[in-house]
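Reviewing the structure listed below.
Read-outs: derived from the displayed coordinates by stated rules, not from any lab. Just so it is clear, the model here is predicted, and its values are computed rather than measured. Virtual Cβ from ideal backbone geometry, glycine too; neighbours counted across all protein chains shown.
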Amino acid sequence: MVAMTKRIKTFQIIFADPSKTFYCGGDRLCGRVEVEVSEVTRVSALKMLGLGCAKVEYAKGKQRCRQEAEYLRHEEVLRLDSQPTDADGSVILRPGNKYEYSFGFELPQNGQLVSSYKGKFGYVQYYVKASLERPHQPVLECKKTFEVEEPLDVNTPDLLVSGSKEKKVTCMFIPDGQVSLNAKIDRRGFCEGEDICINAKFENTCSRIVVPKAAIIAKHTYLANGRTKVFRQKLSAVRGNHIISGMCDAWLGKSIRVPKIKPSMLGCNMIRVEYALMIYIHIPGSEKLILELPLVIGTPGLGSRSNSVSSQEGSMSNSSQSWVSLRMPSNPPSYCDISRDCSMDQPLTPLLDDIDGDGDDSPIFINPPRFEYPLPPAYTEVIISNSIN
């Protein structure tokens, strides 16, 4: 709807199916343009334009980067079926009547469109615009947008394979140890609302307390004038327990849920939206140890989710097998791995603040307390006492 003049009372676009939330390539978009006038009005033409375009714009230093692309263009002149026209094609509209101009066109097939998008430095937008032309009067326009979502099926074989990575780092300014992690997920493709099951092992041999965390990250890449701008954002996160010096920790199927987000956008040459599972360790006074596993977020409800569901079940039932690749110990832990500080008069080790910043507020422990208590016997030691009467 637009601001009306005294002559034009109503001028709006209505889609045939108002409940339809989005369209795909190959769908037919139908609707009508409604016009009402408050006095006799001559209309020379009513033109309709269906347009889909992408635009990227941002500043790179002193340079202004801008680029546009067009994915859809459909133009036609709409006519009234029952209204007589003059020789020049114009019609007379009279008050008290509602005039409806019908339109309909087919969207390009799958692979020729890209999904609708609105981001920090660019957008992909689709809309229908009607232009009402009148003799010796300015052209009136009204516009109505619609969403396009190209289907992305995560049940393809290349997205059902597992992914794993391993990484180690030596803490800055700490020569006496290192922090390492290795992680694995059972597949790369997910949809919103699904849980990502994480198998990971963390090892801390340095003298600081570290905190393992995981987050789903969105990476938005914009390309204009041959230059690239990247914008990253954290969508959801989970955290584990603090790991003191000389200790390990493991996540056996720790889950993080995919929030309500748009599917991955991989088919646009100007805007690209990718996702990753970032598993990292916060190390006070040093850079984070970061490991990223790529994710592809697909269209919800597309195809059968049986493969994905079965892979989730398989990740739980085969957790012991998956840990073989992560080299988890199969024997019970040694007594040496258990803290033996039984003295209650010594101060307790404070926990780190739950922050991701690189500030110096978190405590750093260079010299851990020495234990004065004797070691307990090892698993293989057996003490036998025989008494003779």
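Annotations for the structure displayed:
- Across region 8-146, Cα pairs under 8 Å and at least six residues apart give a relative contact order of 33 percent.
- For Lys9 and Leu252, the FRET efficiency from 1/(1 + (r/R0)^6), where r spans their Cβ atoms and R0 equals 51 Å, is about 0.15.
- In terms of the mean number of neighbouring beta-carbon atoms within 10 Å, the peptides 201-212, 263-274 order highest first as 201-212, 263-274.
- Pairs from Lys184/Lys288; Lys60/Lys118; Lys60/Lys120 whose Cα-Cα separation, in the structure shown, is over 25 Å: none
- Estimated inter-spin distance, Lys55 and Ile261, nm [label 7 Å along Cα→Cβ]: 2.7 nm
- The spacing between region 239-268 and region 112-134, judged by their C-alpha centroids, is 35 Å.
- In range of the label at Ile290: residues from region 234-267 whose backbone nitrogen is under 17 Å from the point 7 Å along Cα→Cβ: 234-238
- Packing, as the average of other Cβ atoms within 10 Å across residues, places the peptides 116-124, 65-73 in the order 116-124, 65-73, highest first.
- Sorted peptide list for 15-25, 280-290, 219-229, criterion being average Cβ within 10 angstrom, highest first: 280-290, 219-229, 15-25
- Paramagnetic label reach from Cys24 (point 7 Å along Cα→Cβ; backbone nitrogen cut-off under 15 Å): within region 102-127, residues 107-116.
- Exceedance of the 26 Å cut-off in Cα-Cα distance is limited, within the set Lys55/Lys144; Lys229/Lys254; Lys129/Lys234; Lys62/Lys219; Lys20/Lys129; Lys9/Lys55, to Lys229/Lys254; Lys129/Lys234; Lys9/Lys55.
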